[in-house]
1. Taking the Cα centre of each part, how many Å lie between the range 9-25 and the range 265-304?
2. Give, in nm to one decimal, the length gained when the segment between Thr413 and Asp395 is fully stretched (0.36 nm per residue of separation minus the Cα-Cα distance).
3. Rounded to whole Hz and in sequence order, give me ³J(HN,Hα) for the range 395-411 from the Karplus expression 6.51 cos²θ - 1.76 cosθ + 1.60, θ = phi - 60°, writing x for Gly and Pro.
4. If neighbour count is taken as other Cβ atoms inside 10 Å, put Phe107, Phe134 in order from fewest to most.
5. Once the mean 1/r over all distinct Cα pairs of the range 406-530 is inverted, what Kirkwood radius in angstroms do you read off?
6. Could you give the size of the charge dipole of the range 99-277 about its Cα centre, using +1 on the Cβ of each K and R and -1 on the Cβ of each D and E, expressed in debye and rounded to the nearest 20?
7. Return, for the Cα atoms of the range 318-453, the radius of gyration and Dmax in Å, separated by a comma.
8. Using only the alpha-carbon atoms of the range 231-383 as identical scatterers, what base-10 log of I(q)/I(0) does the Debye formula give at q = 0.10, 0.16, 0.17, 0.21 Å⁻¹?
Amino acid sequence: MFKVLVSDPISDLGIEQLTAASDIAVDKKPGLSEDELVSIIGEYDALLVRSQTKVNARVMEAGKQLKVVGRAGVGVDNIDLKAATQRGIIVINAPDGNTITTCEHTFAMMMALARHIPQAYMKTVGGEWDRKSFVGVELRNKVLGVMGMGRIGSEVARRAKAFGMSIMGYDPFLTEERAEKMGVQLSTVDEIVRNADFMTVHTPLTPETRHMIGKAQFEVMKPGMRIVNCARGGIIDEQALVEAIDQGIVAGAGFDVFESEPPAADHPFLKHPKIIVTPHLGASTVEAQENVAIDVSKQVLHILRNEPFVNAVNMPPIAAELRSKLQPYFELGEKLGGFAVQQIDGAVEEITVTYSGDLADVDTQPLTRHVVKGVLAHHLGSEQVNLVNSMHLADGRGINIVTQKSRATKGFTNHIAVSLRTKQEEHLVAGTLLNGYGARIVQIDKFPVDVAPEGNLILISHQDKPGIIGRVGTLLGTNDVNIATMQVGRKLVGGAAIMVLAVDKAAAKEVLDELMKLPDINTAKEIDLY
Ligand SMILES: NC(=O)C1=CN([C@@H]2O[C@H](COP(=O)(O)OP(=O)(O)OC[C@H]3O[C@@H](n4cnc5c(N)ncnc54)[C@H](O)[C@@H]3O)[C@@H](O)[C@H]2O)C=CC1
Ligand SMILES: O=C(O)C(=O)COP(=O)(O)O
């Protein structure tokens, strides 16, 4: 008999397949404190949560029997994935079930914002008949900027068209073809901020999206902008937003999520006349809650019964023998994917992975998943992409994946080349595992190099001219960026060349801009391989 604990309010109908199963016993205990959860979790095989229960390392450690944590929803930021992986606990989510519901909540917020519904309601029920203070705006003929064109963002764009809005979309995985098909103008954050009338964010919260709309964006924003956040608190800088509203730049904001939830009683949003809020209700409909509970229950049943499953956020199923052959290459594959995606600027259309030497004879599919994970995780966030879903996510974004095997050993016993193609360009990075030396990057584009795939790197493409290394070194030194190692690759004296610098800390964007202004330097890119 397997024991399942449900520690958040999850649809009874949705979990019926668990409650009805003869080999499963379900306990529903919503609202437990962390201490209470820790004291009882030891007897359970599975834990089902939404976003309230914090499944931290302490809970995982106490969960001696725990095999799976099921998140009835999308975001897994309340679950310590590292601790789960370390303990072999599978974390699964239900990414599709609440898409439409959250999209509809976004519209509810957008319309309430445009027509001051909450403010007007408060006055009317308070006995005032005030028709002058609440003159709104139409959505028709307005421009909507959508940041994050994944599941929810795409549905928002689709519906916005029915309202007669034109849509500007930004997403690192949005290609021109897909944008055109959806009737969306592919744009940058800057273009959206300067031109849209309404803006809505639908990205995960990652180091890259944290405060992606902040002081700098408000300074150049089209006056009168209305902003909605039904994704994650922190994508929009809360403090900077309040200032932008008070300065008359932003006309109003609708927020379902907060940097810290629940927000403190004195949070500036809560009393602001131009900000409307809901308590993280994006996914809260009868339909969505049933959907996500059904999806997650099905997966939990499969995992407990040792059957194949999908949507694991943190664990791949691979045969033991194959795993032992491929295991040493997993990290290298991911690092190469992560390196390659940072070499390019536009949306990835094709990932080509070429395996040579020892790797030509084994089933490299699980390794390709690691490479693709490395490519996608940079933009999607490492908690969203896993080895089970990486190919599926790439497919959903129209990214073509090509794997090739080659007998040619190129002088290495094993060799993995990862090449990414966008509409404008194609770049390649290749690596190997060297006996005694570990993982090395041995080729970048056409240039042979020898670089450890780790830490902060700066990749510079330049013309091979005397004095260039000195100028780069001086500029970085002046900006307190210490160079640990440097590699220069060229094919012809005086021809095109690249430089890879391992630095002790990430160089600021301004430093990279300065580097690019130096004579004979074409591009300078930060590559983060942590
Ligand atoms: N308020 C609520 O109750 C709910 C909130 N959510 C949140 O909504 C968000 C979106 O969910 P889905 O659409 O299901 O996820 P998704 O993974 O389908 O889409 C996210 C998109 O953001 C894009 N992205 C990543 N970094 C970006 C960047 N720097 N700039 C622009 N785009 C970027 C990704 O490429 C991806 O296409 C998530 O944060 C999720 O946790 C989801 C459901 C309910
Ligand atoms: O699915 C998500 O990411 C959500 O934010 C929904 O959260 P909830 O299940 O309503 O606590």
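Taken together, the values in this text are just the output of simple stated rules run on the coordinates, not laboratory data. Values in this document were obtained by computation on a predicted structure and should not be read as measured data. Counting neighbours? That spans all protein chains shown, and the Cβs are built from the backbone with ideal geometry, glycine included.
1. Value for the Cα centre distance between the two parts: 20 Å.
2. Details: separation 18, 0.36 × 18 = 6.48 nm, distance 3.13 nm.
Once the chain is fully extended between Thr413 and Asp395, it gains 3.4 nm.
3. Working through the residues one at a time gives 4, x, 9, x, 8, 7, 10, 10, 10, 10, 10, 9, 7, 4, 8, 6, x Hz.
4. Phe134, Phe107
5. This gives a value of 15.4 Å.
6. Working: 20 positive and 22 negative charges, 132 e Å.
With Lys and Arg at +1 and Asp and Glu at -1, about 640 debye.
7. 13.9, 41
8. These q points yield log10 I(q)/I(0) values of -0.65, -1.02, -1.06, -1.22.
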